[in-house]
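Worksheet for the structure shown next.
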Amino acid sequence: MPRSVTAREPGAAPQVPPIPAGLARQQLLELYYYLHLTRSLEERLTNLYRQGKVIGGLFRSLGQEGASVGSAYALEPRDFLSPLIRNLGSMLVKGAEPLAIVRQYMAKADSPTKGRELNMHFGDLDKGYVGQISHLGDMVPVMAGIALSFKLRQEPRVCLVYVGDGATSTGVFHEGLNFAAVQRLPLVCIVENNGWAYSTRTAQQTAVRQLVDKARGYGIPGERTDGNDVLGVHEVTRRAVDRARSGGGVTMIEVVTYRRKGHAEHDAQGYQPKEEIAEWAARDPLDRYDARLDETGWVSREERADVLTRIAAQLDEVVTKAENEPFPEPATALDAVYADPARMPAPWYR
């Protein structure tokens, strides 16, 4: 964004441009916090993964943090969302604790799933995020069901569901979105077009030029936005959320971004051109937001430095605590698997 060139008297202080509608200065600082907390937490998890302390896979959102944070920040506390593996930022916005996330990745006894599941496969209904299903597109009908319950109870609440570009080619995506559209449910569908469905380019799995064009087939509004502009993502999502809350039904939003890491840390991403990765690194959402704050003067560099110091101290404490916690006892492996303990099979460990 270019600097303001509004004329002013010599020696007068530069004019600060107006903050985007619907946001206050403190909220701009909160967006900065969540963007950097997301990246810093994933960097800590990467270090743990390389030390063999993360159980299972690690799926980075490097370069996509703006899409998750900007969209989730448009929701109200009683709204619900369903993240995917690269939407850690959305969970943090909805109140997920970094300690719980690190425990989950390390399969610790006090993790949200008590060591029974891995990475981001957990939810918290009190905080408003639903545990994801691995199969692509499956959360669309799930969230449509929750949105239907809101409509039937006449509650002014909204659901937001994330899918990737590859998921838009699945049958369950079609079924869920079609149902939601026909029922005019309060649902917002964020389609993250990050260029790759694992190792398959978007153009190799769908013929549409823009994924947002698929919205026409369901008779719903569609918008397309720059996924690396956190404020732009917030603005377009807030419009869709307001539309859903007022009875306007479903909106599909295509956020255009890029997956700068492989599908997971174990993926060497040799199929991605290095020049392409470098091109998108120059559009980094954190760097762009920093530049925007510098240009506008909305938040000072000193305030931002304080946020980074706070995040570093917070994560130092979180990682140290989680590393020193125990794994679940083998004797508890079948706990909470069966609703009726009397139906449990004989313990396998005896």
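Under a crude label model (7 Å from the Cα following the beta-carbon direction), how far is I133 from E223 in nanometres?
2.9 nm
How far, in nm, would the chain grow between H174 and E275 when pulled straight, counting 0.36 nm per residue and subtracting the alpha carbon separation? Write out the running numbers ahead of the final one.
Values: separation 101, 0.36 × 101 = 36.36 nm, distance 3.43 nm.
That works out to 32.9 nm of additional length.
Roughly what % antiparallel, to the nearest 5, for the DSSP beta bridges in the chain? Could the numbers behind the result be given before it?
Details: 3 of 24 bridges.
Given both bridge residues lie in the chain, the antiparallel proportion sits at roughly 10 percent.
How would you rank T38, T170, T225, going from fewest to most other Cβ atoms within 10 Å of each one's own Cβ? Please report the intermediate quantities before stating the final value.
Details: T38 27, T170 16, T225 22.
Least crowded to most crowded, the residues run T170, T225, T38.
Please give the per residue volume of the convex hull enclosing the alpha carbon atoms of segment 209-344, rounded to a whole number of Å³. Each step should come with its number before you reach the end.
Values: hull volume 37.4 nm³, N = 136.
Convex hull of Cα atoms, per residue: 275 Å³.
Over 24 Å between Cα atoms: which of K94/K151; K214/K261; K114/K151; K53/K114; K127/K151; K94/K114 fall into that group?
K214/K261; K114/K151
Determine one quarter of the surface area of the Cα convex hull of segment 132-176, which equals its mean projected area, and express it in nm² to one decimal.
Mean projected area of the Cα convex hull: 3.1 nm².
Assuming 1.306 mPa s and 10 °C, estimate D for segment 35-94 with Stokes-Einstein, Rh taken as the Kirkwood radius over Cα pairs, in µm²/s. Please report the intermediate quantities before stating the final value.
Values: Rh = 12.1 Å.
Here the translational diffusion coefficient equals 131 µm²/s.
Sort 188-197, 315-324 by packing, meaning the average of other beta carbons within 10 Å per residue, with the highest value first. Mind showing how you got there, number by number?
Values: 188-197: 24.6, 315-324: 14.8.
So the peptides 188-197, 315-324, ranked by packing, come out 188-197, 315-324.
State, in angstrom, two size descriptors of segment 173-249 derived from its alpha carbons: Rg to one decimal place and Dmax to the nearest whole number.
So, for segment 173-249, Rg and Dmax equal 13.4, 40 Å respectively.
Taking springs between alpha-carbon atoms closer than 10 angstrom, which of T200, T46, T113 fluctuates most in the Gaussian network model of the chain?
Top of the fluctuation ranking is T200.
I want the antiparallel fraction of DSSP beta bridges within segment 192-268, as a percent rounded to 5. Mind dumping the intermediate values first?
Details: 2 of 9 bridges.
Antiparallel bridges: around 20 percent, rounded to the nearest 5.
Note the per residue figure in Å³ for the convex hull of the C-alpha positions in the chain. Kindly include the intermediate steps, with their values, before the conclusion.
Numbers: hull volume 58.5 nm³, N = 350.
Enclosed volume per residue, from the Cα hull, is 167 Å³.
Non-local amide H neighbours of A197 (under 5 Å, H modeled in plane, Pro and chain starts lacking H): which ones?
Residues meeting the amide H criterion: T202.
In whole Hz, what ³J(HN,Hα) sequence does segment 113-129 give by Karplus (6.51, -1.76, 1.60; θ = phi - 60°), x for Gly and Pro?
Once rounded to whole Hz, the list reads 10, 6, x, 8, 10, 10, 5, 9, 7, 7, x, 8, 5, 5, 8, x, 10.
Spelling out what I want: for every residue of segment 90-97, take phi, set θ = phi - 60°, compute 6.51 cos²θ - 1.76 cosθ + 1.60 (Karplus), and round to whole Hz; glycine and proline get x.
Those phi angles translate into 5, 5, 5, 4, 7, x, 4, 8 Hz.
For R50 and S300 in one chain, what is 0.36 nm times their gap in residues minus the Cα-Cα distance, to one decimal in nm? All intermediate terms of the calculation are to be shown ahead of the outcome.
On the way: separation 250, 0.36 × 250 = 90.00 nm, distance 3.54 nm.
Here the segment from R50 to S300 would lengthen by 86.5 nm.
Principal axis lengths of segment 28-186 from Cα atoms, whole Å, largest first?
Answer, in whole Å and largest first: 49, 35, 29 Å.
Mind listing the phi-derived Karplus ³J(HN,Hα) values for segment 264-270, rounded to whole Hz, using 6.51, -1.76 and 1.60 with θ = phi - 60°, and x for any glycine or proline?
Per-residue couplings from phi come out as 8, 4, 7, 9, 6, 6, x Hz.
Within 10 Å, count the other beta carbons around each residue, average over each peptide in 267-275, 176-184, 247-255, and list them highest first.
On the way: 267-275: 11.9, 176-184: 20.2, 247-255: 22.8.
Result, highest mean first: 247-255, 176-184, 267-275.
Laboratory data are not the source of any read-out in this text; all were calculated from the coordinates shown. Predicted model only: the values in this text are computed from it and were never measured. Here Cβ is always computed from backbone atoms with ideal geometry, including for glycine, and neighbour counts include all displayed protein chains.
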